[in-house]
1. Taking the Cα atoms only, what angle lies between the long axis of helix 49-58 and the longest principal axis of the chain, rounded to 10 degrees?
2. Taking the chain as a Gaussian network, where each spring joins two C-alpha atoms under 10 Å apart, which residue of A96, A131, A207 fluctuates the most?
3. Among residues other than L181 whose Cβ falls under 15 Å from its Cβ, what is the net charge (Lys/Arg +1, Asp/Glu -1)?
4. Let's test this: bin the Cα-Cα distances of the chain at 10 Å from zero up to the farthest pair and state each bin's percent.
5. How high is the relative contact order of the stretch 108-211? Use alpha-carbon pairs under 8 Å, at least six apart in sequence, and give a whole percent.
6. With the crude spin-label approximation of a point 7 Å out along Cα→Cβ, what separation in nm comes out for V108 versus S2?
7. Using only the Cα atoms of the stretch 101-144, build the gyration tensor, take square roots of its eigenvalues as a ≥ b ≥ c, and label the shape rounded, prolate or oblate: rounded if a/c is under 1.5, else prolate if a/b is larger than b/c, else oblate.
8. On a full-extension model of 0.36 nm per residue, what is the gain between Q42 and K205, subtracting their alpha-carbon distance, rounded to one decimal in nm?
Amino acid sequence: MSVQAIKDFLHTHRWFILPYALFLILAGSLQLFVPKPDLHLQLNRWHSPAFDLFFKTITLLGDGSVPFVAATVLAVFSFRKAIQIGLSGAVSGLLAQFLKRFIFTDIVRPSVWFGNTPDFHWVSGIDLHAAFSFPSGHAATIFSLCVGIMLFSAAPARKLSCFFIALLVAYSRVYLSQHFLIDIYFGSLLGVLITILIYLWMEKKRAAFLDTSILQLINKSRP
């Protein structure tokens, strides 16, 4: 990409990129100055029954199957968008699993750190994991999905909404003590970067079927 193309890209998608950059700066600064377990303990103090229910529910959007459900729905309207969403979700999710299971295998989850900590808030009904903490697969998945949708959206409000949905789903993993902040931080970077790269690659593809959809195929098949 040329410098001008990069500037145009950043300007077009600034309603997602700017708040995400702010998140990276603030969360990155916190992690530089506050040790990982201490930071998690501070965040764990902010809880309520309403938050428990909210984050226990919204975390489901980070499941690895969600991008493929979204891709199936999108295929009705655009094969290009469906393939991009599905491919981005698959690559992001698989890479996150590879990193946590084969590279960062010794990084454990909050349940191991704080299992015997007095007054620690655990959300009921959550099956806590112990191993393979870094990076967060849920964060990679939801940021991949939301960035993919954001790239196809023209309205600033939709782009901003995509960011906040991604952030809330990713943070749910910290709230539920399935991950530390650093896990979702790098999981989000993984999802964002891979999705943008796949989007730019797909934009260069000019295969005819990419610009069709299931609806168009149905309409063509009608007598």
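FYI, it's all coordinate maths here, none of it is from the lab. These numbers come from a predicted model, not from an experiment. Note: ideal-geometry Cβ built from the backbone for every residue, glycine included; neighbour counts use all protein chains shown.
1. 40 degrees
2. A207
3. The answer is +2.
4. Calculated P(r), rounded to whole percents: 8, 30, 33, 18, 8, 2, 0, 0.
5. Details: 119 pairs, mean separation 37.4, N = 104.
Result for the stretch 108-211 is 36 percent.
6. So the label points at V108 and S2 sit 5.5 nm apart.
7. It is oblate, given that a/c is not under 1.5 and a/b is not larger than b/c.
8. Values: separation 163, 0.36 × 163 = 58.68 nm, distance 4.73 nm.
Here the segment from Q42 to K205 would lengthen by 53.9 nm.
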